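Structure, as structure tokens:
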Amino acid sequence: MSLEHLRGATLSFSARPDDENHHGVHYFDDAVVTIDDGLIRSVLRLDQFEREGGRLEAVDDLRPGLILPGLVDLHVHSSQLDIIASYGRQLMDWLADYAFPAERAFADEAHAIDVAEQFLARLFEFGTTTAMTFTTVHAHAADAFFRAAARVDARMLGGKVLMDRNAPGDLCDADDGQAATLALIERWHGSGRLDYAVTPRFAITSSPAQLAAAGDVMARHPDVYLQTHISEHPEEIAATLALYPEASDYLDVYARHGLLTDKAIFAHGIHLSDAELERMRAAGAAVAFCPSSNLFLGSGLLDLERLEERGVLMGLGSDVGGGTHLSLLATAADGYKVAQMAGKSWHPLAALDAITRGGADALGLADRIGTLAPGSEADLVVLDAAPGTLLAQRIEAATTVAERVFAYIFLGAEHAVARTYVAGVLRHRRQPAQDRPTEVVR
Ligand SMILES: [Zn+2]
């Protein structure tokens with residue numbers, strides 16, 4: 001049995017903190033995280049570690065790094081790395097102009113395999129260790145994603161996209177997609193740390209028959225996840241209700257097809273009514289808040305506080321490629337700005353909770369990931385400003401942990417993630433920059 005000991009500051013949450021309430025915050029400025037066979041065995045203050053016989057020679061000293069649980073992305077498209085930051089227009093046009101052509105390239109299985117590897121490496125680069133992922137309509141793209149995740153024993157969720165109308169013909173399922181979905185569930189769901197998510201893109205691109213087939217899969221496999229989009233853009237909402245005139249609202253389209261369960265993650269949900277939010281809360285479904293994408297595509301400003309008041313589970317999604325960064329720190333920075341537009345401030349620790357424990361809780365996985373609780377899986381990220389960066393300068397001036405976290409959120413996307421551990425194994429380590437970033441040219 002080999003133990004690994006990481007020394008640094010540690011921060012994790014057991015409840016959502018806010019301005020007044022910090023009772024769920026677990027912070028040590030000098031502590032040792034002990035990893036045992038892929039799990040967190042303990043987090044002890046340094047003095048306690050030594051008192052219990054821990055030896056400093058055996059410790060990997062990561063100070064002044066801040067050790068956190070790995071970050072959880074509730075909504076991302078692995079097929080869209082190459083179209084991040086593609087200029088122009090709003091949701092429906094953006095899908096046609098950028099997303100669909102990019103997804104078409106995955107008909108080539110070799111491309112799908114390449115991208116799956118790149119995608120995971122990029123997630124780890126930005127400290128994300130769990131992601132609820134849309135692949136493409138091609139079953140081999142979902143296979144490639146799961147195979148790549150299995151190789152590094154990452155806790156990943158995802159699925160093959162279901163589409164059978166209002167999309168290019170070669171991106172549509174030839175049938176209702178049920179057989180392919182069931183075969184993927186058979187191969188991957190519950191295998192190691194992997195879980196399957198039934199993945200109708202959204203109601204517009206699935207016929208009622210396809211949504212019913214997806215609901216039938218959910219009924220047969222109640223422990224399988226469901227991921228889709230909802231109530232993102234006003235044009236999309238109008239088109240959805242026109243296609244499903246019998247539904248009382250957008251959520252009802254999914255609910256009446258058996259897709260509203262406590263395993264469901266609905267991306268966006270910006271324009272949901274009070275009645276829809278209440279129905280979502282009662283079902284135990286969750287919203288993936290995707291502020292970067294919502295700003296980029298001009299979709300709208302989600303009222304985070306309203307979701308919290310209504311008791312709806314919520315985490316953050318990068319929604320790459322509609323989102324402009326894979327980094328959940330950058331995504332949280334956009335979330336902060338969205339809250340500001342409603343005259344509200346999102347506390348930095350609450351934001352950090354949302355991209356760790358909050359996301360895990362939305363997935364029903366907070367007993368396994370998202371915290372540093374003993375027995376949790378050792379998915380960890382170490383934040384530490386790269387030397388010479390503006391972030392390092394700002395961190396130097398920070399006097400509290402909340403201030404430090406806020407600086408990581410706003411300045412840390414490219415310069416904060418020093419290391420990422422997946423199931424206790426180091427999977428990303430920042431390389432020292434070749435170029436000095438702050439050379440002043442005179
Ligand atoms: Zn999306």
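The values are calculated or read from the model by the stated rules, or taken from the named source; none is laboratory data. Everything quoted here is computed from the prediction, not taken from an experiment. All Cβ positions, even for glycine, are placed from backbone atoms using ideal geometry, and neighbour counts span all protein chains on display. Ligands, DNA and RNA are stripped out before the accessible areas are found, and what is left, the full protein with its side chains, is counted by its heavy atoms. Shrake-Rupley method; radii C 1.70, N 1.55, O 1.52, S 1.80 Å.
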Gyration tensor verdict on the range 71-362 (Cα atoms; rounded if a/c is under 1.5, prolate if a/b is larger than b/c, oblate otherwise):
rounded
Beta bridges per DSSP with both ends in the chain, % antiparallel, nearest 5
50
Among the aspartates and glutamates, which have Cα under 13 Å from the Cα of K337 when same-chain residues fewer than 8 positions away are ignored?
D303
So if I take the centroid of the Cα atoms in the range 11-36 and the same for the range 131-201, what is the distance between those two points in Å?
35
Row for the range 75-205, column shape: gyration tensor on C-alpha, a ≥ b ≥ c, rounded if a/c < 1.5 i.e. under 1.5, prolate if a/b over b/c, else oblate; value oblate
Environment charge of F134, counting only residues whose C-beta is closer than 12 Å and scoring Lys/Arg +1, Asp/Glu -1:
-1
For the chain, modelled as a Gaussian network with Cα springs under 10 Å, which listed residue fluctuates most, Q118, Q393, Q431?
Q431
Of H428, H23, H233, which has the largest mean-square fluctuation in a 10 Å C-alpha GNM of the chain?
H23
Shape category assigned to the range 1-147 from the gyration tensor of Cα positions, a/c cut at 1.5:
prolate
Roughly how far apart, in whole Å, are the Cα centres of the range 70-126 and the range 243-322?
21
Computed for the chain: size of charge dipole around the Cα centre, +1 on C-beta of each Lys and Arg, -1 on C-beta of each Asp and Glu, debye to nearest 20, value 620
Note, the range 28-44: 3J(HN,Hα) by Karplus (6.51, -1.76, 1.60, θ = phi - 60°), whole Hz, Gly/Pro = x, goes 10, 7, 8, 8, 10, 9, 9, 10, 10, 6, x, 10, 7, 8, 7, 10, 10
Taking protein heavy atoms only, a 1.4 Å probe, and rounding to whole percent, the accessible area of the chain owed to carbon and sulfur comes out at 50
If you average the C-alpha positions of the range 413-431 and of the range 343-397 separately, how far apart do those two centres end up, in angstrom?
13
Candidates per GluC sites (Glu not before Pro) in the range 235-328, loop by DSSP, up to 10 other Cβ within 10 Å
E246
Setting aside same-chain residues fewer than 8 positions from K263, which lysines have a Cα under 23 Å from its Cα?
K160
Summing -39500 (n - 2.57) over every DSSP H run of at least 4 residues in the chain and dividing by its residue count gives a helix-only mean residue ellipticity at 222 nm, to the nearest 500 deg cm²/dmol, of -9500 deg cm²/dmol
Heavy-atom surface of the chain, accessible at 1.4 Å and reported per residue (Å²):
39
